[in-house]
1. Kindly indicate which of Ala201, Ala222, Ala214 is modelled with pLDDT under 90, open to solvent by 30 Å² or more (accessible area, probe 1.4 Å) and of a type in the set (Gly, Ala, Ser).
2. In the list Arg163, Arg81, Arg139, Arg74, which residue meets the criterion of being over 29 Å from Val231 (Cα atoms), of a type in the set (D, E, K, R) and crowded, with 16+ Cβ neighbours inside 10 Å?
3. Check off (1) away from the ligand (no atom under 16 Å from the Cβ); (2) touching a strand residue (DSSP E or B) at 6+ places or on another chain (Cβ under 9 Å); (3) polar (S, T, N, Q); (4) open to solvent by less than 60 Å² (accessible area, probe 1.4 Å) for Thr400 and give me the number that stays unchecked.
4. Is it the case that the stretch 73-80 has a residue that's of a type in the set (D, E, K, R), in a helix (DSSP H, G or I) and at negative phi?
5. Out of the stretch 267-304, which residues are of a type in the set (Gly, Ala, Ser) and either touching a strand residue (DSSP E or B) at 6+ places or on another chain (Cβ under 6 Å) or open to solvent by less than 70 Å² (accessible area, probe 1.4 Å) (or both)?
6. Select from the stretch 404-413 the residues that are in a strand (DSSP E or B) and surrounded by 14 or more Cβ atoms within 10 Å (Cβ to Cβ) and write down the one among them that is nearest to the ligand (Cβ to nearest atom).
7. Can you spot a residue in the stretch 176-190 that is touching a strand residue (DSSP E or B) at 6+ places or on another chain (Cβ under 6 Å), part of a loop (DSSP other than H, G, I, E, B) and of a type in the set (A, V, I, L, M)?
8. For Lys156, state whether it is in contact (Cβ under 8 Å) with a residue 12 or more places away in the chain and over 17 Å from Gln232 (Cβ atoms).
Amino acid sequence: MGNKHAEERKPSKPKTPTFLLELPLMTDAGQAARLGAHLEAGRQFYNAVLSAGQQRLRRMRADPAWQAACAIPRTQPQERRAAFAALRERYGFSEYAFHELARKLRVSWLAEHLDAVLAQTLATRAYRALNRVCLGKARRVRFKSKGRGLSSIENKRNDTGLRFVLQTHDQGRGQGYLLWHDEQLRALIDWDDPVVAHGLAHPIKYARLVRRRASSPRAQGADRQGERYVVQLMLKGLPHHKPKHTIGTETIGLDLGPSSVAIVPQQAEAHLVPLCAELRPDAHAIRRLQRKMERQRRAANPEHYDDKGRPKKRGKGAPRWKQSRSYQASRRRKATKERKLAAHRKSLHGRMIHQIVRTGNTIITEKISYRGWQKRYGRSVGRCAPGMLIDHLRRTVASTGGTLHEVPTRSTKLSQFCHGCGTFVPKPLWQRWHQCPCGVGPVQRDLYSAFLAAFLDPADPIPSCARYVVPWEGAEARLRAAHERATQRANEGQVMPRSMGISRAGARLPKSPGEATQELLFLSSRGKVEAWKHRPEPPGLQPGESSAKLSQSL
Ligand SMILES: [Zn+2]
């Protein structure tokens, strides 16, 4: 599809920087029940808009004019855009038309729960979800189920409807309330926290109410259903910078892998570190819980599996899946573990980012398709979330006045380049070292790419030999030292991803006969002479023995 965009654009106001502050809310049982009812109305309304919008999208795509518009070559962008815009206009597939739709759908009892602006923001949300499908960025939309419910709702402004007010007393310290309908929900404000105090000193653009599931109804701040409510304030300005987070001036090359990162500044010390290694045990625990849930599901639903234990195809009229109590308990436990893991990962990312920014805030890295990575390295990408790390880094760097340059991989091909001879030689995945006949290396490949990135010109990101001659003098030793330190840590017992080219301390050498044969085969595929050299003398053929048996005994 990719009709790169046919949305009507209003001359919009210049965007001001925004940052977010989250405050927990205190709710009593009555308030929680009423909030739940409002959110449930929001959920039904969202589903209604999404369903109506989906119909519009389907009808639009079924129109022969859609095929015709898709057939317009991309070399004629204006015609293409006009064709898609006309289609969107005819079928009412635009944010504006969705707002109209929301106005029509917000009737009777829904209107009591949702004010017009909240209905609009929900319609915008539904439109964005469907537009992703329309642009081919998503395959389908998700309706919000009753069990999960709607977990957040937001306003556009802070003067009517859902809004946050601050009642300041002396010294600027006061109480904050989230107002919605007739509810007043008190926020817990820790004025001694500089982040909170900094945030509340800024004008509020709008507020968002978020419902989070706690681990159990007995968890701190949770209501009877085990829900917690927080308010997120969108504030105008720049986020707080802790004084301990100093900002450096260097230019840094970054090479991000699915589970490791190489950081090479132009002058300072280089680093090769695993990404989120601390999360490994938690990820394993989650994996164990997943297996447990699978067993529990099987035990409770034998009718859903055939005699070989394969899940049966689900048709209409199939019996419902049953959930045992213990299954539900495991599911809650797993959800809690996952929430904790996500929070832990975020803090680890933050720590790494501040370490990077301490050295410098001009960062050059190759632009990577994280979606492609997800397919190839699903597990480590899921655990380490490198795409999230880059997004977080981009925001942090921008808020300190620096830039994150993402250079296109296709033109730079840093992982293939050698600055000594200027050639591009692709390395297979297992080859973790860059060593070139021209005399460059051996050097760990991620460190080497990061070094190449550090000295790129972001305006013209084509690596050239001349650029690297002088920097290489000093860098070689730094890169080696970085790898040395990583090896040291591995020897101390820290688990390193295999991609870093470090064998684990105390790793067992291949001993089993299976592996030994493999080695022999590997040798013989390389060169017969070499392979034969290590072979014992072939035993003489006994009478009655076939040569086939002989070859077996070898
Ligand atoms: Zn070379």
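1. Numbers: Ala222 fails: open to solvent by 30 Å² or more (accessible area, probe 1.4 Å); Ala214 fails: open to solvent by 30 Å² or more (accessible area, probe 1.4 Å).
Of Ala201, Ala222, Ala214, the one residue that is modelled with pLDDT under 90, open to solvent by 30 Å² or more (accessible area, probe 1.4 Å) and of a type in the set (Gly, Ala, Ser) is Ala201.
2. On the way: Arg163 fails: over 29 Å from Val231 (Cα atoms); Arg139 fails: crowded, with 16+ Cβ neighbours inside 10 Å; Arg74 fails: crowded, with 16+ Cβ neighbours inside 10 Å.
Going through Arg163, Arg81, Arg139, Arg74 in turn, the sole match is Arg81.
3. (2) is the only condition that Thr400 fails.
4. Of the residues in the stretch 73-80, the ones of a type in the set (D, E, K, R) are 74, 79-80.
From the residues that got through so far, the ones that are in a helix (DSSP H, G or I) too are 79-80.
If we keep only those that are at negative phi as well, we get 79-80.
Within the stretch 73-80, one or more residues are of a type in the set (D, E, K, R), in a helix (DSSP H, G or I) and at negative phi.
5. Here is the first cut: in the stretch 267-304, the residues of a type in the set (Gly, Ala, Ser) are 268, 270, 277, 283, 285, 299-300.
Listed by number, the residues that qualify are Ala268, Ala270, Ala277, Ala283, Ala285, Ala300.
6. Going through the stretch 404-413, the residues in a strand (DSSP E or B) turn out to be 404-408.
Cutting the leftovers down to surrounded by 14 or more Cβ atoms within 10 Å (Cβ to Cβ) gives us 404-407.
Numbers: Leu404: 29, His405: 25, Glu406: 26, Val407: 21 Å.
In this case the residue turns out to be Val407.
7. The initial filter retains those residues of the stretch 176-190 that are touching a strand residue (DSSP E or B) at 6+ places or on another chain (Cβ under 6 Å), namely 176-179, 184-189.
Cutting the leftovers down to part of a loop (DSSP other than H, G, I, E, B) gives us 188-189.
Adding the requirement that they be of a type in the set (A, V, I, L, M) leaves 188-189.
Within the stretch 176-190, one or more residues are touching a strand residue (DSSP E or B) at 6+ places or on another chain (Cβ under 6 Å), part of a loop (DSSP other than H, G, I, E, B) and of a type in the set (A, V, I, L, M).
8. Here the answer is no, as Lys156 does not meet what is asked.
The values are calculated or read from the model by the stated rules, or taken from the named source; none is laboratory data. Computed from a predicted model, the values in this text were never measured in an experiment. Every residue, glycine among them, receives a Cβ derived from its backbone with ideal geometry; neighbour counts consider all protein chains shown. SASA here: full protein model, heavy atoms, side chains in, ligands and nucleic acids out. Shrake-Rupley method; radii C 1.70, N 1.55, O 1.52, S 1.80 Å.
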